[in-house]
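I have placed the structure first, in the form of structure tokens, so that the comments after it can refer back to it.
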Amino acid sequence: MQMLRFSSDLGDVAIRMHNDRAPKTCRYFAQLACSGTFNPASVFRIVSSSAIQRLQPGDDCPINIVQIGPTQQFEGPRHTTVHEHTRQTGLSHHKWSVSAARFDLGELYGSFFICLKDEPELDFGGSRQPDGQGFAAFGEVVHGFDTLERVFARAEPLEMLTQQIPINNVSVSNAPEDAFQQGSTQ
């Protein structure tokens, strides 16, 4: 089982990657972590449904997510891969799910997001993405829930943060999740 981990001054997070169900998406993020693409990285976007409702009262599908990516996330090349949608993988966007951010269908740019509540509109057939294909969920948080709550509490009025939250380290390993929990403080 592969684990994607990141640390910030607010704490550590461990993500179990579902290589068996979303192998191409997992391989993509594992390669980014191993190649150092995430150094430096940051939480650069926090979408809060309460902020969306204040700023865009007619938004039909407000979401609560935290998005992480390389500091220069939009300047690098985009990667094209098969879109592993939730109908295909059997995964869904429930609270603590991790998913690949995308521009167009199968067009990734090195960024992933974590759901802070159940987000069915991000699944295949949901209305958040105009093409109805949803996003490619590929993992779930297994450690660092309190860290993510602290991060989410830093939401600003607009979703793109003016005060990004630096990520100190992103790594991937084949260690079991309990090894991470035993060797860390939460």
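A count restricted to segment 64-79 and to residues that are at pLDDT 65 or above and surrounded by fewer than 21 Cβ atoms within 10 Å (Cβ to Cβ) stands at 6. Per the listing Val151, Val82, the residue uniquely modelled with pLDDT of 95 or more and either among the aliphatic types (A, V, I, L, M) or touching a helix residue (DSSP H, G or I) at 6+ places or on another chain (Cβ under 6 Å) (or both) is Val151. Of note, Ala101 does not satisfy the criterion of being in contact (Cβ under 8 Å) with a residue 12 or more places away in the chain, in contact with a His (Cβ under 9 Å, 6 or more places away or on another chain), surrounded by 16 or more Cβ atoms within 10 Å (Cβ to Cβ) and not β-branched (Val, Ile, Thr). Give the residue that is nearest to the chain's Cα centre (by Cα), with candidates limited to residues of segment 115-127 that are touching a residue at least 40 places away in the same chain (Cβ under 8 Å) and more than 21 Å from Val82 (Cα to Cα). For segment 115-127, the residue satisfying everything is Cys115.
The set of residues in segment 79-131 that are among the hydrophobic types (A, V, I, L, M, F, W, C) and assigned to a loop (DSSP other than H, G, I, E, B) comprises Val82, Leu91, Trp96, Phe103, Leu105, Leu116, Phe124. Of all residues in segment 154-186, those that are acidic (Asp, Glu) and either in a loop (DSSP other than H, G, I, E, B) or modelled with pLDDT of 95 or more (or both) total 2. Assess whether Ala33 counts as being surrounded by 15 or more Cβ atoms within 10 Å (Cβ to Cβ), at pLDDT below 95 and not aromatic (Phe, Trp, Tyr). In short, yes. When segment 117-135 is filtered for residues that are crowded, with 19+ Cβ neighbours inside 10 Å and on the phi > 0 side of the Ramachandran plot, only Gly134 remains.
The values are calculated or read from the model by the stated rules, or taken from the named source; none is laboratory data. Computed from a prediction, not measured in an experiment: that's the story for all the values here. Cβ coordinates were reconstructed from backbone atoms using ideal geometry, including for glycine residues, and neighbour counts include every protein chain displayed.
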